[in-house]
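Working notes, beginning with the structure itself.
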Amino acid sequence: MASMHDVESIETDAAKILIQEIGEPNTSDKEHALQLTGLEPIIAWIATKVALPIVTGLVGRALYDKWKDVRTRSQAGQIREELTAVTAPYSDAVDPNVLLSNAVSALKEEGIAEDQARRAAMRILQRCQQRYGGARPAG
């Protein structure tokens, strides 16, 4: 069973991954560095929009089909509540290649370059799989 802390931990990890993949402030070139001041809440929201669907997909197809598109913070809260109510073992997980593809698409919709989106999505998927299990994506 996923606890609220587990789900929030995944979201925090996803935000850290995004910051690493899209750039951190470069002390040697502040003019061209990604300035994160004030962007943390935005990055955290993007991470939530990517991580929660991945977790629901690892838990099961029915939950994923219901929540694969997170649009509001209220929906994110509902997803967290449903995830904490699910009992293991999880079944009928979504193909990890589908989860990866959808995560990349979600990041690209937020304006993240495809190569950065792919790396970040792969790392977030792998982190979720470490916590919730599941097959690895092909390729």
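In segment 37-85, how does Rg compare with the Kirkwood Rh, expressed as the Rg/Rh ratio over alpha carbon atoms?
1.01
Distance in nm between label sites at GLN126 and GLU8, each 7 Å beyond Cα in the beta-carbon direction?
2.7 nm
Residue by residue through segment 63-68, which ³J(HN,Hα) values in whole Hz follow from phi under the Karplus form 6.51 cos²θ - 1.76 cosθ + 1.60 (θ = phi - 60°), with glycine and proline marked x?
5, 4, 4, 6, 10, 5
Efficiency by 1/(1 + (r/R0)^6): what FRET value for VAL86 and ALA113, r their Cβ-Cβ distance, R0 = 25 Å, to the nearest 0.05?
0.15
Quick note: the coordinates plus some simple rules give every number you see, no bench work behind them. Since the structure is predicted, the reported quantities are computational estimates derived from the model, not experimental observations. Here Cβ is always computed from backbone atoms with ideal geometry, including for glycine, and neighbour counts include all displayed protein chains.
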